[in-house]
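What follows is a single structure, written as structure tokens, with notes after it.
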Amino acid sequence: MALVKAEDIGNQIEGINNLPLLKQVGLMVALAATIALGVAIVLWAKTPNYKMLYGNLSDQEMLEISSSLDQAGIRYDINANSSSIMVESGRIHDARMRLASSGLPKGSGNGYELLDKEQGFGTSQFIETARYQRAIEGELSKTIASVNNIQSARVHLAIPKQSAFVRNRKSASASVMLNLYQGRMLNTEQASSIAHLVASSVPALEMEDVTVVDQNGRLLSQPGAGTEIGQSSTQFEYRQKLEEYYIRRIEEILEPIVGVGKSKAQVMADLDFTVTEQTHESFNPDLPSIRSEQTLEEENQSAAAKGGVPGALTNQPPGAGFIGADGANQGGTGSSNNSRRTVRNYELDRTVSHTKHQTGKIKRISAAIVIDNKLAEDGTSTPLTDEEMVQINSLVKEAIGFNVARGDSVNVINAPFQLAVAEEPLPETSLLDQPWLWDVGKQLVGLLVVLLLIFGVLKPVLKSLAEKGAAASVPMTPVQGGEQLAFDGQQGALPGPGSEPSYEQTLEAAKSVAQQEPQRVASVVKEWVAKDGG
């Protein structure tokens, strides 16, 4: 069945031709606008809903991401104003997983590439220093962003200008801003590793001077790690980890016996964090050794002077003597003195030992364990026997390294566990939150608007034009001496044969024809005048 008859098309064209020029132009513009609006609505209904995948991307990253999306067959749209990529709302998670497997986006930032750019002839030393510092910040940002759970990072370095005077020197500092993925967190160890990384990359920068925060403003680093508060926090974490270690050992050894979830353990460790240093010095008198020795020998020989009154005869030299058989001087008199002295210093065997006792030494361990009753096949629970309790007690002691001299204690009891309250199921996702609902709704709205334009605008206009064209194609002839006018299809037309029209009907029909077709009426009147005049 044809949608539009050829006769109707001709009548519509005839109706348009009979309209004034301004009305024809307005009608054509209205029809064109209606058709354009319908086409736009159809295209809008076919276009899927887009959501932003990533924003603030560089040109290189946008090129790499778009290439990866093309290979995956995912439709996307690029917003040049915000440097972002939009993808279909139903495939946004698929797109992110695929890009994550390819290591995209890699994160933007200028590192040492800034140093590759050509510098002007008149570049000052200040600009060169600032560019070098910016390059270091960019490299650190890219390195930190490569850590898991971190989407992007920014590093700010505060490096003061060093002075030639030692007293006026200031230490450098740094701050790190981390943008974590949604739902991800960094623990204290990861934040400390980032602080160590930054401190090791910048000269004269200490770890305590590095501040690490996330996008929510939470402080992740520990600026007071060297203070007493920082040490207490570290000691508490060490104690907590040690207790968790013992709890895990106890539960792992009891699970094969009592079952999974049938035992609960808690351990309290008393640790000694006192720092003690001891120096011990001991001597061994049985092993003396000579440390130093000094020997002094003296020998003195002299002759006796003659006695008497001092004078010329007294001061005469002694007479000549002779040498006897023993080789001694027999002729004169004299004396000889010999002495020998020795000083020895002895050193005893000495031992000096310096001992630094370990911190965090375990002073005492207390463990408390609760065992659930045994569950029989018929669903009844029975308590454990005394023999089983003794075996479990022995296993727990062996697991924690029980030491009687240290004062350790272990307490194991058997008690029925309370049944856990069943958790309420999560509410189902609302129909309005379904991504496909908006696509279907958009298509339905577009279809309704198009149907409204067709049946509410185009069809009435075309029908009116067809009626006007059909009325114009029927000639108007005088009937019964020209008192009545016949017009086929016109409202107010005269009744058909066999019925006598009234005067009011005839008058209304004539008025209607005169208003709608003045030219036809004028031609009919002219014919009447010509006939009457003839």
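General remarks:
- Given (1) modelled with pLDDT under 90; (2) more than 26 Å from residue 56 (Cβ to Cβ), number of the condition residue 190 does not satisfy: (2)
- On the stretch given as the stretch 265-286, residues that are farther than 29 Å from residue 351 by Cα and either without any contact (Cβ under 8 Å) to a residue 40 or more places away in the chain or open to solvent by 90 Å² or more (accessible area, probe 1.4 Å) (or both) total 1.
- All of (1) modelled with pLDDT of 75 or more; (2) out of contact with any strand residue (DSSP E or B) (no Cβ under 6 Å at 6 or more places or on another chain); (3) surrounded by 10 or more Cβ atoms within 10 Å (Cβ to Cβ) hold for residue 314 with one exception: (1).
- Enumeration of residues in the stretch 149-177 that are crowded, with 17+ Cβ neighbours inside 10 Å, in a strand (DSSP E or B) and in contact with a helix residue (DSSP H, G or I) (Cβ under 7 Å, 6 or more places away or on another chain): 150, 152, 153, 155, 157, 173, 174, 176
- Some residue of the stretch 404-412 being out of contact with any Gly (no Cβ under 6 Å at 6 or more places or on another chain), modelled with pLDDT of 75 or more, open to solvent by 80 Å² or more (accessible area, probe 1.4 Å) and part of a loop (DSSP other than H, G, I, E, B): yes
- When the stretch 194-213 is filtered for residues that are farther than 18 Å from residue 142 by Cβ and either free of Cβ contacts under 8 Å to residues at least 12 places away in the same chain or buried (at least 17 other Cβ atoms within 10 Å of the Cβ) (or both), the ones remaining, listed by number, are 205, 207, 208, 209, 211.
- Test: residue in the stretch 416-433 that is outside any loop (DSSP other than H, G, I, E, B), open to solvent by 60 Å² or more (accessible area, probe 1.4 Å) and modelled with pLDDT of 75 or more: no
- Tally, over the stretch 51-67, of residues that are surrounded by fewer than 16 Cβ atoms within 10 Å (Cβ to Cβ) and part of a helix (DSSP H, G or I): 5
- Candidates 162, 182, 151, filtered to the one that is farther than 27 Å from residue 100 by Cβ, modelled with pLDDT under 90 and of a type outside the set (Val, Ile, Thr): 162
- Residue in the stretch 98-121 that is over 30 Å from residue 137 (Cβ atoms), at pLDDT 80 or above and surrounded by 13 or more Cβ atoms within 10 Å (Cβ to Cβ) present: yes
The values are calculated or read from the model by the stated rules, or taken from the named source; none is laboratory data. Because the structure is a prediction, the values reported are computed rather than measured. Every residue, glycine as well, gets a Cβ built from its backbone with ideal geometry; the counts of neighbours run over all protein chains shown. Heavy atoms of the whole protein, side chains included, go into the accessibility calculation; ligands, DNA and RNA do not. Shrake-Rupley method; radii C 1.70, N 1.55, O 1.52, S 1.80 Å.
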